[in-house]
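Taking it in order: structure first as structure tokens, then the write-up.
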């Protein structure tokens, strides 16, 4: 709302992965600390990474996409690169929830996959429980009618 943008034909974006950077003790946190990188972006209430509740996070994300779609020309496309979230033993199907929620103002035209086949498998949960490795993102392409 602070930047005036011209109408666009195409938008590509990737949402923050909820509060992943704030998860204490996570492998991502350790890797970021070892490189001297931030482990969170801010303490602001308006930072989506600081929302504790998944439903609130999803609602806030949908509102951002509603505003983003206003910059698209009719017939324009938006691609969202996203993966589902695993957190504390629970699975949050972010890609699927976004697809369902965005149907009220966008038309899903294509689902592609970005396979990160250069990553190494890690033995998450070894000897305790099965935990999958996730090496793919969904590339969701929508049309603004």
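The values are calculated or read from the model by the stated rules, or taken from the named source; none is laboratory data. Here the structure is a predicted model, which is why all the values come from computation and not from measurement. Cβ atoms come from the backbone with ideal geometry, glycine included; neighbour counts cover every protein chain shown.
Residue by residue through segment 92-130, note down the ones that are at pLDDT 85 or above and more than 10 Å from residue 140 (Cβ to Cβ).
Here is the first cut: in segment 92-130, the ones at pLDDT 85 or above are 92-113.
Within segment 92-130, 92, 93, 94, 97, 100, 101, 103, 104, 105, 107, 113 qualify.
Scanning segment 61-116 for residues that are closer than 23 Å to residue 45 by Cβ and exposed (fewer than 12 other Cβ atoms within 10 Å of the Cβ) turns up 63, 67, 88.
Can you tell me which of 94, 72 is within 17 Å of the chain's Cα centre (by Cα) and touching a residue at least 60 places away in the same chain (Cβ under 8 Å)?
Values: 72 fails: within 17 Å of the chain's Cα centre (by Cα).
Answer to the selection: 94.
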